[in-house]
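*Asks:* Okay, here's the structure, questions in a sec.
The values are calculated or read from the model by the stated rules, or taken from the named source; none is laboratory data. Quick caveat, the model's predicted, so the values are computed rather than measured. Methodologically, a virtual Cβ is constructed for each residue, glycine included, from the backbone with ideal geometry; neighbour enumeration extends over all protein chains shown. Side chains are part of the model used for accessible areas, which takes the heavy atoms of the whole protein and leaves out ligands, DNA and RNA. Shrake-Rupley method; radii C 1.70, N 1.55, O 1.52, S 1.80 Å.
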Amino acid sequence: MTCRYWSRLVAGATCALAPLLAGGRAIAAAADVTSAEPAAPDGLGNHQRNVRLEIGARTQFIKGSGFDPFSTNDVLPQLSLGASWAFWSRDLLSLAAVAGFDYGASSASLRSDKASIDVRRFLLAPEARYHVLRVLALTAKVGPTLTREAAEVSGPLGTAMLKTGWKFGFDATAGAAVEVWGYANGASTKPRLWLMGEGGYGWTSAMNLTFKPQEAGAVPQRLRPLDLGDLSVSGPLFRITAGLSFW
C-alpha cells in the first residue's frame, strides 16, 4: 500500500514538472542563441561612431575679378585642419559634428605695387555619413563659415595699405572617407587611419577693397584712394585630408 502510494506520488510530480522543465530548456536555448548573436550585425562599431582628427589641403578656384590682383591663376591653396565627433548612428547611417579651420594666402604684382591676401576660415557643420562598406563611407555636409580676410597693397616706397574684415558664408561639400588601416573588429579601441576627399562649393560675402595708408602718419602714395572693387572668396573647391579616429 505504501509503495503504491509513493509510486503514484512520484509519477504525478513528474507529470506536473515536465512542462516546466521543457519550458526552462527552451528559455535556456533561446538565451544561448541570443547571446551568440553580435550586438551590431553589420560590425561597424567604432568604424562608424568615433572622434576623428584631420589635416590636409583645401584648394578653391575663385573666378571673381576682385581676386585677380592677388593671384595669377585664380587658385587659393589652403592648409586644412578638422575635428569631428560621430555622435549618432542607425544601421549604416551616422551623423557627426564637424569643426574646421582653413588658412591660405596668395600674392601677385599689381602694376608697380605688390598685392597680397591672407584668408582664415572657420567652419561648424553637421555631416551625414553612409557606410557603403565597412571601410568606405559617403559623406555630405553643409554649414556656416566665418572668414577673416586681410588684403594688403605695398608700394615701391614701402607704404602699405591694409584692409581687413570678417565675412559670413557657407560650405557645401560631398565626398568619401576610406579607412586604410585599422582592426576589422568594430569594438576595437585602437586608432584607425582614414583618407578623405570631398568637393563642392564655398561662398563668402563680398568685402569692398578701398585702400587707405596703413599708418595715419604715412605719406600717401596716391592722391585718391585705391579702389579694387569687391572681393568675394567664393568658388568651387576640393579638399583632401588624412585623419586618425579614436573612441
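*Asks:* When the residues of the stretch 88-123 are narrowed to those that are of a type in the set (S, T, N, Q) and under 20 Å from the mean Cα position of the chain (by Cα), which ends up modelled with the lowest pLDDT? Can you show your working first?
*Replies:* Within the stretch 88-123, the first condition is being of a type in the set (S, T, N, Q), and the residues that meet it are 89, 94, 106-107, 109, 112, 116.
Okay, now just the ones that are also under 20 Å from the mean Cα position of the chain (by Cα), so 89, 94.
Working: Ser89: 93, Ser94: 96.
If we take residues in the stretch 88-123 being of a type in the set (S, T, N, Q) and under 20 Å from the mean Cα position of the chain (by Cα), then Ser89 is modelled with the lowest pLDDT.
*Asks:* Same structure, new question: For the stretch 130-149, give me each residue that is under 17 Å from the mean Cα position of the chain (by Cα) and open to solvent by 10 Å² or more (accessible area, probe 1.4 Å).
*Replies:* Of the stretch 130-149, the ones under 17 Å from the mean Cα position of the chain (by Cα) are 130-131, 135-146.
Answer for the stretch 130-149, where residues must be under 17 Å from the mean Cα position of the chain (by Cα) and open to solvent by 10 Å² or more (accessible area, probe 1.4 Å): Tyr130, Val135, Leu136, Leu138, Thr139, Ala140, Lys141, Val142, Pro144, Leu146.
*Asks:* Every residue in the stretch 172-187 that is more than 23 Å from Ser234 (Cα to Cα) and surrounded by 12 or more Cβ atoms within 10 Å (Cβ to Cβ), please.
*Replies:* Of the residues in the stretch 172-187, the ones more than 23 Å from Ser234 (Cα to Cα) are 177-187.
The answer is Ala177, Val178, Glu179, Trp181, Gly182, Tyr183, Asn185, Gly186, Ala187.
*Asks:* Working only within the stretch 188-198, note down all residues that are in contact with a Ser or Thr (Cβ under 9 Å, 6 or more places away or on another chain) and loosely packed, with under 14 Cβ neighbours inside 10 Å.
*Replies:* Step one: filter the stretch 188-198 for residues in contact with a Ser or Thr (Cβ under 9 Å, 6 or more places away or on another chain), giving 191-198.
Matches in the stretch 188-198: Leu193 only.
*Asks:* May I pose another question? Could you list, ordered by first residue, the pairs with Cβ atoms under 7 Å in which the first is in the stretch 43-64 and closer than 15 Å to Trp247 by Cα and the second is open to solvent by 40 Å² or more (accessible area, probe 1.4 Å) and charged (D, E, K, R), at least 6 apart or interchain?
*Replies:* Listed pairs, sorted by first residue: Leu44/Arg134; His47/Arg134.
*Asks:* Filtering the stretch 51-70 down to residues that are at pLDDT below 95 and assigned to a loop (DSSP other than H, G, I, E, B), which residue is least open to solvent (accessible area, probe 1.4 Å)?
*Replies:* Gly64
*Asks:* Hey, another quick one. Which ones in the stretch 93-129 are open to solvent by less than 40 Å² (accessible area, probe 1.4 Å), in contact with an Asp or Glu (Cβ under 9 Å, 6 or more places away or on another chain) and basic (Lys, Arg)?
*Replies:* Hit for the stretch 93-129 is Arg121, nothing else.
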